[in-house]
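Everything below concerns the one structure shown next.
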Amino acid sequence: MAALGLQDNEMRVPEPESPKIAISKEKLMGEVRRTIEKEALEGIKSLSIVVIGHVDAGKSTLMGHLLYALGRVGDKKRIANERASEKLGKASFSWAWELDGTQEERERGVTMDVAIQSFTTPHRRFTVLDAPGHRDFIPKMISGASQADCALLVVDAAAGEFEAGFDRGGQTREHLVLVRSLGVSQVVVAINKMDQVSWSRQRYEEIMGLLQTFLMQTGFAVQRIQFVPVGAMLGVNLVDTNQPEAEALRKWYSGPTLADLLDVLTPPPRLIESPMRLPLTNVFRGQTSVASGIAVSGRLSSGIIQVGERVSVLPGDETAVIKIIEVEEESVPWAAAGSSVTLYLSGIDPVQLGIGTVLCPPSDPVPLASSFVAQIVVFDIQVPIIAGASVELFHHSRDIPATVTKLLATVERSNGTVIKANPRVLTKSVSAKIQINIRTSTMSGQAARAMPIPLEPFHVSKELGRILLRRNGETIAAGIVLEVLD
Ligand SMILES: Nc1nc2c(ncn2[C@@H]2O[C@H](COP(=O)(O)OP(=O)(O)OP(=O)(O)O)[C@@H](O)[C@H]2O)c(=O)[nH]1
């Protein structure tokens, strides 16, 4: 609780309030549909985008400069960032400051948490998740990717630098495999630091060729991959190529800018008719001009919510009442699937809330699982997976210890047909059905009964039905939940 910055008097659970819903669910659904149709007519669509890539590829610089070029960050803020970063001897990171918000990030010049920002292009409204590139922060990146509709991959064009990120063990490769495994199917690749290679067309095409092959092997459809040469630091080809430094690029490139490519990305269907699901990615003490108290945020993966509604908080038996809904820092009466929201809740003890908690309607709860069957694809691993193997299970923004209890069968990846029942081991590249049990250990290291987690089969919820398995800091498999057992 101290971590949440809550005062003593705020730790007491407020009396549950009776929900004060403004309009009936049916009327609200009508209003949501009309709003979405109006937005579609205006041609404006919402998407969330995760920015990925090897450490130091220039992700934060690119986003910082893009936000400025699109008018999202004013000159005053830019100059303040420039001065402050110079003071710390990190002038080259000034653009990244817009996203790398914490003192430690600024001093180290490394992104550690997923920064959330928003910006608009003429036809798209984006929520940006700027994920950390450093290896140690992969779990944060998974959390960012599990909320994303599309990815912006930033690679460093400089000699040797692209290769360092792309070789085995590099994060360019690892991030792409992870985002694809988490359901992201569209990617824009910004080939950055083109100033470092004298805006060479040959280098651009070389990198494009290598990445195109790998992206297709990873499962991205060719029509859902776009490339663009940029110079993030100088702001070249983010929204235009008018900079004097861009002359060499203009000689051979007259294609779309980065903003042009982002402006035509395809938004996913908004599942407003499905039961409401809100997996939480943050819990904090919130403050607005009209209220303060316990606040939570995340992206609504399906359904609609409105102020006054009572929601179930899973895992656990508690419910809470939605006091305030904020979208892009504005208070709104309702929100629908696809929106990133902040909610102020009442009638709930904050200890019941955490990253990975799921809010849903009391009448239609998410099943709680401590054991389930999954179909997985094994990554390029050296040590095979055997029954009894301890793993770290990543589900949405949560990571918990788990055990691969049974290897049920190796299967055909495309249709799940059994190739071999009860295999002894799973080696690299095979697809398999396995049983996974969630594990908690007591102080003495003995396994105890696990706290179940909210999980849904993939055919019910794509977002809550995907998992990743990691072992010793390495991602060993990705998969989907087939069946909740217990
Ligand atoms: N020459 C040149 N340097 C750049 C360019 N873009 C970024 N840089 C530099 O590359 C370094 C890393 O940039 P960041 O934006 O912090 O990289 P990042 O990918 O966000 O790094 P992590 O968040 O730590 O993974 C900084 O020194 C930037 O100034 C560019 O277009 N040209």
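The values are calculated or read from the model by the stated rules, or taken from the named source; none is laboratory data. Fair warning: this is a prediction, and the values are worked out from it, not measured in the lab. Cβ atoms come from the backbone with ideal geometry, glycine included; neighbour counts cover every protein chain shown.
The table for this structure:
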item: Residue among T403, T357 that is polar (S, T, N, Q), surrounded by 18 or more Cβ atoms within 10 Å (Cβ to Cβ) and closer than 30 Å to L28 by Cα; result: T357
item: Count of the stretch 163-197 residues which are in a loop (DSSP other than H, G, I, E, B) and within 15 Å of the ligand (Cβ to nearest atom); result: 2
item: Residue in the stretch 207-221 that is surrounded by fewer than 20 Cβ atoms within 10 Å (Cβ to Cβ), closer than 29 Å to T475 by Cα and touching a Gly at 6+ places or on another chain (Cβ under 9 Å) present; result: no
item: V179 vs. criteria at pLDDT 95 or above, under 30 Å from I476 (Cβ atoms), in contact with a strand residue (DSSP E or B) (Cβ under 7 Å, 6 or more places away or on another chain) and surrounded by 22 or more Cβ atoms within 10 Å (Cβ to Cβ); result: no
item: Breaking point among (1) assigned to a loop (DSSP other than H, G, I, E, B); (2) farther than 20 Å from G58 by Cα; (3) not aromatic (F, W, Y), for Q217; result: (1)
item: Given (1) surrounded by fewer than 16 Cβ atoms within 10 Å (Cβ to Cβ); (2) away from the ligand (no atom under 16 Å from the Cβ); (3) more than 23 Å from G183 (Cβ to Cβ), number of the condition P269 does not satisfy; result: (3)
item: Residue ID - nearest to R168 (Cα to Cα), chosen from residues in the stretch 201-223 that are of a type in the set (A, V, I, L, M, F, W, C) and free of Cβ contacts under 8 Å to residues at least 12 places away in the same chain; result: M216
item: Lone qualifier among L261, L280, L249 - being crowded, with 18+ Cβ neighbours inside 10 Å and under 16 Å from L353 (Cβ atoms); result: L280
item: Among (1) under 23 Å from A337 (Cβ atoms); (2) touching a Phe, Trp or Tyr at 6+ places or on another chain (Cβ under 8 Å); (3) surrounded by fewer than 19 Cβ atoms within 10 Å (Cβ to Cβ); (4) touching a residue at least 40 places away in the same chain (Cβ under 8 Å) - the single one H123 does not satisfy; result: (2)
item: Matching option when the condition is under 10 Å from I52 (Cβ atoms) and of a type outside the set (A, V, I, L, M), among Q212, Q186, Q171; result: Q171
item: The stretch 329-384, subset assigned to a strand (DSSP E or B) and of a type in the set (S, T, N, Q), residue modelled with the highest pLDDT; result: S371
item: Test result for G316, touching a residue at least 12 places away in the same chain (Cβ under 8 Å) and either assigned by the TED database to the domain that holds H65 or crowded, with 18+ Cβ neighbours inside 10 Å (or both); result: no
item: Residue among R72, R83 that alone is away from the ligand (no atom under 12 Å from the Cβ), at pLDDT 55 or above and closer than 23 Å to G144 by Cα; result: R72
item: The stretch 44-69, subset more than 9 Å from the ligand (Cβ to nearest atom) and hydroxyl-bearing (S, T, Y), residue farthest from L182 (Cα to Cα); result: Y68
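Matching residues to (1) modelled with pLDDT of 70 or more; (2) part of a loop (DSSP other than H, G, I, E, B); (3) surrounded by 14 or more Cβ atoms within 10 Å (Cβ to Cβ); (4) under 28 Å from the mean Cα position of the chain (by Cα):
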site: P16; (1), (2), (3), (4): no, yes, yes, no
site: P19; (1), (2), (3), (4): no, yes, yes, no
site: A22; (1), (2), (3), (4): yes, yes, no, no
site: E26; (1), (2), (3), (4): yes, no, no, no
site: V32; (1), (2), (3), (4): yes, no, yes, yes
site: I36; (1), (2), (3), (4): yes, no, yes, yes
site: I49; (1), (2), (3), (4): yes, no, yes, yes
site: A57; (1), (2), (3), (4): yes, yes, yes, yes
site: L62; (1), (2), (3), (4): yes, no, yes, yes
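Residues checked against (1) over 30 Å from S346 (Cα atoms); (2) in contact (Cβ under 8 Å) with a residue 12 or more places away in the chain; (3) in a helix (DSSP H, G or I); (4) not assigned by the TED database to the domain that holds Y68:
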{"residue": "M233", "(1), (2), (3), (4)": "yes, yes, no, no"}
{"residue": "L238", "(1), (2), (3), (4)": "yes, yes, no, no"}
{"residue": "T241", "(1), (2), (3), (4)": "yes, yes, no, no"}
{"residue": "A248", "(1), (2), (3), (4)": "yes, yes, yes, no"}
{"residue": "S297", "(1), (2), (3), (4)": "no, yes, no, yes"}
